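Engineer: To start, I am sharing the structure in question, which I have written as C-alpha cells.
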Amino acid sequence: MAMVDQPLYPIAVLIDELKNEDIQLRLNSIRRLSTIARALGEERTRKELIPFLSENNDDDDEVLLAMAEELGVFIPYVGGVEHANVLLPPLETLCTVEETCVRDKSVESLCRIGAQMKEQDLVEHFIPLVKRLAAGEWFTARVSSCGLFHIAYPSAPEVVKTELRAIYGQLCQDDMPMVRRSAATNLGKFAATVEAPHLKSDIMSVFEDLTQDDQDSVRLLAVEGCAALGKLLEPQDCVAHILPVIVNFSQDKSWRVRYMVANQLYELCEAVGPDPTRSELVPAYVRLLRDNEAEVRIAAAGKVTKFSRILSPELAIQHILPCVKELSSDSSQHVRSALASVIMGMAPVLGKDATIEQLLPIFLSLLKDEFPDVRLNIISKLDQVNQVIGIDLLSQSLLPAIVELAEDRHWRVRLAIIEYIPLLASQLGVGFFDDKLGALCMQWLKDKVYSIRDAAANNIKRLAEEFGPDWAMQHIIPQVLDMVTDPHYLYRMTILQAISLLAPVLGSEITSSKLLPLVINASKDRVPNIKFNVAKVLQSLIPIVDQSVVENTIRPCLVELSEDPDVDVRFFASQALQSSDQVKMSS
C-alpha cells in the first residue's frame, strides 16, 4: 500500500505548500517543481502537475514570477518537444496578470518554448494562443501578445501570416498606450521575420502610425525601431522611409524623443549610409548638440567621436568642432563631463594639425574645469592624443596642467594622475621625467589620503621597473632613507610598504645592503602598527635575500618582535618565523 501511495506524495505536499500562508514555503515549492516533476514522471506531470499549476490562483507576484521562470525550462519534464504544448495554458494565464515583470518572464518562457516546438504544434497551439492574447479584453493580455509574434509568424501558413500582420497593425493602433508601447518595442523583432514585400507595404505603414503617435512614450520607442528597420530595408528604401522620420524626431516637441535620437543616431547613420548622413543627418546632429535640454546635449556629446568617424575630417572640422567648443563651456557640468569622456578620440579623426590648432585649447580648458569628473575624464584618455601629436607637444601644452592636477583638492583626480604617471614616464623618457615629475612622485607618499599613498607606493615600484635599479638607487632610495624617520607614523608605514614593493624589483644585493637596515631599524619603533608591518615586510623579504642574511639579520629581529608586549606584533612576527622555517626546509 505504501508503495502505491508514494507517487501521490510529492503532489500532495506541493498542493499543501502552495496553499500555505507563508510565502517562503510557497516560493520554495515552486522552485522545486523540477524535482517534483522527476518524482511524478512525465505522464503524471502532464496530466496532474501542469493542470494544477494552471488552476493555481496565487496572488503573490513573487510566486508567479518564479513559476513563469520554472515553466520556461520544463520541456524535458513533460516528455520533450512533442508534448511542449501542455506548458502553454499556465503561461497564457500568467501573461494576463497585472504585474509587468511576471508578464515579461512569461513571454520570455513562451518564446523559449515556442522556439523549440515543432511547426505543426506551433500552428495548432501557439498561434491560437497569440491570437487569444491579442484579442484579450484586458490590456495586459494584448501587451504580452506583442512579444510573441516573431515566434509565431515564420511557421504560419500564408493565410494566417496575413491575419497576424493585420492583428499586429491593430495592436499598433490600440486604445491603450501600454499596448502601443509594447507593439513599438517588439516591432523590430517581428519585422525581421516578415518577408521583404510585406515589410514595405504592411510593416512600414504600421511603423509610420507609431512615429506619429500622440504619446511621446510610444514615439521614443519607435526611434529604436528606426535602427532595427533600417538594417532590414534596402539603402534606397531606408533613405525614403527612415531618414525623414529621424529628421522629424530630432525636432520632436518631447525632449525624451530627441534624447533617444541623440543616443541612437550613430546606429541610424550606419543604417542610412554615408551620403544621406552628410546631407541630412549632420544638421540634425548639430541641432541635438545645441538642444535646449541638458539631457539631450549629454547624449549627443557622448557620441561626438563616433559620429565624427563617419564624416570626413573637413566636415567634422566645419560642422562638429564649433559645437564641441560651445559644449566645452556648457552650463551643465554633466554635458562637459560627457564631452570630456570622448573628445580625446577626436584627435585621430581630425589629424595632427587640426588637433594642435583646434582641440588642444579645448583639452586645456576641460583640464582646468571646476568639476573633478571632467578633469578625470580628460586625464584618463591622454594617450589617444599622444599618438597623434607626439610627446613633445603634449608635454609642452598639457604637462603644466597635469602638474597642477597632481595637487588637486579632489583625491580621485590625484589618484587618476598617479595611475597615469608610469605611462607618461615611459613616453617622456627618464631625463624629462626627472626634471618635471620626479619630485611629485615622492610627494604623494606623504598625501593625507591613504588611497593616494598606497597608489604612490605602487607607482614607485612601476617606475623602478621602467627605469631600472640604477635609476632607483640614485633617485628613490635616498629619499626613502629620509622619509623612514618621518615624525608621522602613517608616512613611516607607507615607506615600509614601498620597501616591500621595491625589493623584488631591486634584487637581493640592493635589498640586503640598502633596504633591510631601514626595516630592522624600524623594528625599534614605539608604534605597534609599525612593528607588525615590519614583521610583514621581513616576511616578504625572506624569499628575496640570501639564506645567510635571513639567519643572521632577519630571524633575530623576528624573534625579538615575537616577544613584544603587543599581541598583534607577536602574531605577525611568529607568522613570519613560520614562513622562514618553511623556506629553510624547502631549500
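The values are calculated or read from the model by the stated rules, or taken from the named source; none is laboratory data. Computed from a predicted model, the values in this text were never measured in an experiment. Ideal geometry is used to build each Cβ from the backbone, glycine not excepted, and the neighbour counts take in all protein chains shown. Accessible surface areas use protein heavy atoms only, side chains included; no ligands, DNA or RNA. Shrake-Rupley method; radii C 1.70, N 1.55, O 1.52, S 1.80 Å.
Engineer: Kindly indicate whether any position in the range 305-313 is within 24 Å of the chain's Cα centre (by Cα) and closer than 21 Å to ASP369 by Cα.
Structural biologist: yes
Engineer: With the requirement that a residue be β-branched (Val, Ile, Thr) and under 18 Å from GLY147 (Cα atoms), what does the range 184-222 give you? Give the steps one after another, and end with the answer.
Structural biologist: If we filter the range 184-222 for residues that are β-branched (Val, Ile, Thr), which is where we start, we get 185, 193-194, 203, 206, 211, 218.
Correct list: THR185, THR193, VAL194, ILE203, VAL206, VAL218.
Engineer: List the number of the failed condition for PRO361; all other conditions in (1) within 18 Å of ASN377 (Cβ to Cβ); (2) open to solvent by 10 Å² or more (accessible area, probe 1.4 Å); (3) touching a residue at least 12 places away in the same chain (Cβ under 8 Å) hold.
Structural biologist: For PRO361, the exception is condition (3).
Engineer: For the condition under 34 Å from the mean Cα position of the chain (by Cα) and charged (D, E, K, R), what is the one hit in GLU124, GLU208?
Structural biologist: Numbers: GLU124 fails: under 34 Å from the mean Cα position of the chain (by Cα).
Every option except GLU208 fails the conditions.
So that you can scan it fast, the table gives a plain yes or no per residue for (1) aromatic (Phe, Trp, Tyr); (2) surrounded by 19 or more Cβ atoms within 10 Å (Cβ to Cβ); (3) closer than 18 Å to PRO128 by Cβ; (4) touching a Leu at 6+ places or on another chain (Cβ under 8 Å):
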{"site": "THR45", "(1), (2), (3), (4)": "no, yes, no, no"}
{"site": "LEU49", "(1), (2), (3), (4)": "no, yes, no, yes"}
{"site": "SER54", "(1), (2), (3), (4)": "no, no, yes, no"}
{"site": "ASP61", "(1), (2), (3), (4)": "no, no, no, no"}
{"site": "ALA68", "(1), (2), (3), (4)": "no, yes, no, yes"}
{"site": "GLY80", "(1), (2), (3), (4)": "no, no, no, no"}
{"site": "PRO89", "(1), (2), (3), (4)": "no, no, yes, no"}
{"site": "LEU94", "(1), (2), (3), (4)": "no, yes, yes, yes"}
{"site": "SER106", "(1), (2), (3), (4)": "no, yes, yes, yes"}
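Engineer: Sticking with this one: Mind checking whether some residue in the range 516-524 is open to solvent by 40 Å² or more (accessible area, probe 1.4 Å) and assigned to a loop (DSSP other than H, G, I, E, B)?
Structural biologist: Step one: filter the range 516-524 for residues open to solvent by 40 Å² or more (accessible area, probe 1.4 Å), giving 517, 521, 524.
Restricting the remaining residues to those that are assigned to a loop (DSSP other than H, G, I, E, B) gives 524.
Looking through the range 516-524, at least one residue is open to solvent by 40 Å² or more (accessible area, probe 1.4 Å) and assigned to a loop (DSSP other than H, G, I, E, B).
Engineer: Related question: State all residues of the range 208-253 that are free of Cβ contacts under 8 Å to residues at least 24 places away in the same chain and part of a helix (DSSP H, G or I); if no residue qualifies, say none.
Structural biologist: GLN236, ALA240, PRO244 - these are the residues of the range 208-253 that are free of Cβ contacts under 8 Å to residues at least 24 places away in the same chain and part of a helix (DSSP H, G or I).
Engineer: Give the residues of the range 223-251 that are over 21 Å from LEU289 (Cβ atoms) and among the polar types (S, T, N, Q), sorted by residue number.
Structural biologist: Across the range 223-251, the qualifying residue is only GLN236.
Engineer: Further question on the same structure: Among helices (runs of 4 or more DSSP H) lying entirely in the range 44-130, which contain 3 or more residues that are in contact (Cβ under 8 Å) with a residue 40 or more places away in the chain? Quick ask: steps written out before the conclusion?
Structural biologist: Values: elements: 50-55, 61-71, 88-94, 100-116.
Here the list reads 61-71, 88-94, 100-116.
Engineer: Something else about it: If you take the residues of the range 455-484 that are on the phi < 0 side of the Ramachandran plot and not in a helix (DSSP H, G or I), which of them is farthest from the chain's Cα centre (by Cα)? Even if it seems obvious, please write down each step before you answer.
Structural biologist: Here is the first cut: in the range 455-484, the ones on the phi < 0 side of the Ramachandran plot are 455-467, 469-484.
After this cut, where a residue has to be not in a helix (DSSP H, G or I) as well, the list is 476, 484.
Numbers: ILE476: 39, VAL484: 42 Å.
Here the answer is VAL484.
Engineer: Also: Could you list, in sequence order, all residues of the range 179-207 that are polar (S, T, N, Q) and not in a helix (DSSP H, G or I)? Show your work before the answer.
Structural biologist: Residues of the range 179-207 polar (S, T, N, Q): 182, 185-186, 193, 201, 205.
The one that is polar (S, T, N, Q) and not in a helix (DSSP H, G or I): THR193.
Engineer: Whether any residue in the range 100-123 is over 23 Å from GLY188 (Cβ atoms), at pLDDT 85 or above and not basic (Lys, Arg) is what I want to check.
Structural biologist: Yes; the residues of the range 100-123 include at least one that is over 23 Å from GLY188 (Cβ atoms), at pLDDT 85 or above and not basic (Lys, Arg).
Engineer: Output the residues belonging to the range 143-160 that are touching a helix residue (DSSP H, G or I) at 6+ places or on another chain (Cβ under 6 Å), assigned to a helix (DSSP H, G or I) and not aliphatic (A, V, I, L, M).
Structural biologist: Of everything in the range 143-160, those that are touching a helix residue (DSSP H, G or I) at 6+ places or on another chain (Cβ under 6 Å), assigned to a helix (DSSP H, G or I) and not aliphatic (A, V, I, L, M) turn out to be SER144, SER145, PHE149, HIS150, TYR153, SER155.
Engineer: Condition test on ASP214, is it under 23 Å from ARG258 (Cβ atoms), surrounded by fewer than 15 Cβ atoms within 10 Å (Cβ to Cβ), of a type in the set (Asp, Glu) and at pLDDT 75 or above?
Structural biologist: Numbers: under 23 Å from ARG258 (Cβ atoms): yes; surrounded by fewer than 15 Cβ atoms within 10 Å (Cβ to Cβ): yes; of a type in the set (Asp, Glu): yes; at pLDDT 75 or above: yes.
The answer is yes for ASP214.
Engineer: Which pairs turn up if I take residues in the range 368-379 that are under 14 Å from LEU339 (Cβ atoms) and look for partners that are open to solvent by less than 10 Å² (accessible area, probe 1.4 Å) and acidic (Asp, Glu) with beta carbon separation below 8 Å, at least 6 apart in sequence or on another chain?
Structural biologist: Filtered contacts from the range 368-379: no entries.
Engineer: I would also like to ask the following. Run ILE452 past the list (1) modelled with pLDDT of 75 or more; (2) open to solvent by 40 Å² or more (accessible area, probe 1.4 Å); (3) of a type in the set (Val, Ile, Thr) and report the number of the one that doesn't hold.
Structural biologist: Unmet condition: (2).
Engineer: When you check GLN497 against the structure, is it polar (S, T, N, Q), surrounded by fewer than 14 Cβ atoms within 10 Å (Cβ to Cβ) and assigned to a helix (DSSP H, G or I), yes or no? Even if it seems obvious, please write down each step before you answer.
Structural biologist: Numbers: polar (S, T, N, Q): yes; surrounded by fewer than 14 Cβ atoms within 10 Å (Cβ to Cβ): no; assigned to a helix (DSSP H, G or I): yes.
Judged against the criteria, GLN497 is not a match.
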